[in-house]
Amino acid sequence: MTPAGRQSYMELALEEARRAEMRGEVPIGAVIVDAGGVVVGRGGNRTRELCDPTAHAEIVAMRAACAAVKSERLPECDLYVTLEPCPMCAAAISFARVRRLYFGAADPKGGGVENGARIFNQPTCHHAPEVYGGLAETEAGLLLRAFFSRKRGA
């Protein structure tokens, strides 16, 4: 896939993040694409809306993708998410056998892929996707910083 193709999928994830923000959620969005380039799952954070601490963007998108492909596994799918997944989401990505993970901004405080727990590097990890960080990093980071800046100012 071309870098332009990856960028367009990340733009869809950023759209999901903006939708999450409009719902009062932390602006994080995710999109899952199958091997043919078809979006099979998408979602933004819904933890507040659903009163569900597991309703992170990645989980919401994986649930939709698994329902679409009628399987608990996504071995031919790529996940695009605007923020480095937390340890919970990284574990779910591993369990779902996602092929590739593309993320925007790194999360030094709460990340679980390149920061923090580094789930995919653990000896107990059954599957580690290919990981590519920094895609649309600036835009994803600005979206989050602006959100939290408004929260602190309110």
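The values are calculated or read from the model by the stated rules, or taken from the named source; none is laboratory data. Predicted model only: the values in this text are computed from it and were never measured. Cβ atoms come from the backbone with ideal geometry, glycine included; neighbour counts cover every protein chain shown. Just so you know, the surface numbers come from the protein's heavy atoms only, side chains and all, with ligands and any DNA or RNA stripped out. Shrake-Rupley method; radii C 1.70, N 1.55, O 1.52, S 1.80 Å.
Mind putting a number on the dipole of the range 1-153 about its Cα centre? Charges go on the C-beta only, +1 for Lys and Arg and -1 for Asp and Glu, and I need it in Debye to the nearest 20.
340 debye
Sorting Phe95, Phe120 by accessible area (1.4 Å probe), largest first, what list results?
Solvent-accessible surface, decreasing: Phe95, Phe120.
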Report the one residue of Cys89, Gly24, Gly36 whose Cα lies farthest in the direction of the positive end of the charge dipole of the range 24-103 (charges on C-beta: Lys and Arg +1, Asp and Glu -1; origin at the Cα centre). Gly36
Among bridges DSSP assigns within the chain, what percent are antiparallel (round to 5)? 50 percent
Sorted by chain and number, the residues with a modelled amide H under 5 Å from that of Gly29, at a separation of 5 or more or across chains, are Ala17, Thr82, Leu83
Using label points projected 7 Å from each Cα along Cα→Cβ, tell me how many nm separate Ala68 and Ser149, to one decimal. 3.3 nm
Please sort by residue number the GluC sites (Glu not before Pro) in the range 44-96 whose DSSP state is loop and whose Cβ has at most 13 other Cβ atoms within 10 Å. Glu72
Output row, site Glu130, 7 Å Cα→C-beta label point, backbone N cut-off 20 Å, window the range 36-63, residues 36-41
